[in-house]
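So the structure is just underneath, and the comments pick up after that.
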Amino acid sequence: MKIVFFGSSPFSIPFLEALKEDTVLVVTMPDKPQKRGKNLFPNPVKRSAIELGLPFVTVEKFDLSCKDRIESVSPDLFVVVSFGKIIPDYILFIAQCALNLHPSELPLYRGAAPIERQIMDGVKKSTISIMVINEKLDKGGVLLKQAFEISFDDTREAVEQKIINIGIPLLKQAISMVKSGSYSEITQQGKGSYAKKITKEDELIHWEEDNVRIYNKIRALYPSPASFTFFRGKRLKLFKANTLDLDKGVPGEIIDLLKEGFVVQCGAGALLIKEVQIEGKRRICASEFINGARLKIGEKLG
């Protein structure tokens, strides 16, 4: 079965590697400019395709030349994993079927950031859904699904690895079902929700919120783009934290300095901050930051 693989994030790569023997073309996004300077940041899926010796095409916007390139390999199946762009009908119709791996219990958390939004919401049990793509975003029928747990200390990175471990064999099973023609689609039931793309506002810590909600944001955005606050007028990224049952200050106030890090009061409860990165500097453990910045109890973040 000849597969065209669509993906554009590091999360896509293990799935591409697992399907490399049947992949005849990789469709991904163009290289992006770096934050500073004019150099382009290479797309990780493009780099992986080159390493695997697979032909690829980069797509800023789907057009007839892209359609012609995909048609030239006569694909049987499209597989989409974290592509980040809606595939138009005139492209979808080229293959017999198009499958998408989506990390949520559809129709919940449709959209661009299902993993991050579920962690932010404190979801404890989720599902990997293998669905057939149609013209409506994440609304196609589901072929296979499998549940998995999200622990209280799981970061987005850890959840992604769980999905990779479960999702690769599940996706291969779905491909075998399509190949044999012995499959049926389960219509999504119930009211759906949308997991919108993460913005800079989502990354900003609001200390008046309770400690669990802030903690969930920190782990949802780990390791990148990372949540942030402000300290002495500079952006301070927060990477690792623990919740504490303390209430003895105003939101954002540093209320204690410990060997493991510094304690910040939240709207309810507190957080022990364990790993940070101040603007313009490297990422360090919070104990090193306490000494370097000469942190004082009573100072405020935000």
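The values are calculated or read from the model by the stated rules, or taken from the named source; none is laboratory data. If you're wondering where the values come from, they're calculated on a predicted model, not measured in any experiment. Because the Cβ atoms are built from the backbone with ideal geometry, glycine has one as well, and the counts that use them run over all protein chains shown.
Evaluate the following for residue 197: is it out of contact with any Gly (no Cβ under 7 Å at 6 or more places or on another chain) and surrounded by 19 or more Cβ atoms within 10 Å (Cβ to Cβ)? Taking the combined requirement at face value, the residue does not satisfy it.
Residue 152 - would you say it is hydrophobic (A, V, I, L, M, F, W, C), surrounded by 14 or more Cβ atoms within 10 Å (Cβ to Cβ) and not in a helix (DSSP H, G or I)?
Working: hydrophobic (A, V, I, L, M, F, W, C): yes; surrounded by 14 or more Cβ atoms within 10 Å (Cβ to Cβ): no; not in a helix (DSSP H, G or I): yes.
Considered against the rule, which asks whether it is hydrophobic (A, V, I, L, M, F, W, C), surrounded by 14 or more Cβ atoms within 10 Å (Cβ to Cβ) and not in a helix (DSSP H, G or I), residue 152 comes out as no.
Look at the range 60-75: where a residue is in the same structural domain as residue 98 (by TED's automatic domain parsing) and within 19 Å of residue 99 (Cβ to Cβ), no partner that is loosely packed, with under 11 Cβ neighbours inside 10 Å and of a type in the set (Asp, Glu) sits 6+ places away or on another chain with Cβ atoms under 9 Å.
Against the numbered list (1) under 21 Å from residue 124 (Cα atoms); (2) buried (at least 22 other Cβ atoms within 10 Å of the Cβ), residue 266 comes up short only at (1).
Just so you know, in the range 212-251 the residues that are surrounded by 15 or more Cβ atoms within 10 Å (Cβ to Cβ) and hydroxyl-bearing (Ser, Thr, Tyr) include one that is nearest to the chain's Cα centre (by Cα), and it is 222.
I need the full set of residues from the range 82-100 which are assigned to a loop (DSSP other than H, G, I, E, B) and touching a strand residue (DSSP E or B) at 6+ places or on another chain (Cβ under 6 Å), in order please. 83, 95, listed by residue number. Screening the candidates 79, 45 for the property of being part of a strand (DSSP E or B), β-branched (Val, Ile, Thr) and surrounded by 13 or more Cβ atoms within 10 Å (Cβ to Cβ) yields one hit, 79. Within the range 1-42, the set of residues being in contact with a strand residue (DSSP E or B) (Cβ under 9 Å, 6 or more places away or on another chain), of a type in the set (A, V, I, L, M, F, W, C) and either surrounded by fewer than 19 Cβ atoms within 10 Å (Cβ to Cβ) or not in a strand (DSSP E or B) (or both) comprises 1, 15, 16, 19, 24, 29, 40, 41.
Checking each residue in the range 113-149 for being small (Gly, Ala, Ser), more than 14 Å from residue 174 (Cβ to Cβ) and either outside any loop (DSSP other than H, G, I, E, B) or not assigned by TED's automatic domain parsing to the domain that holds residue 99 (or both) picks out 126, 147.
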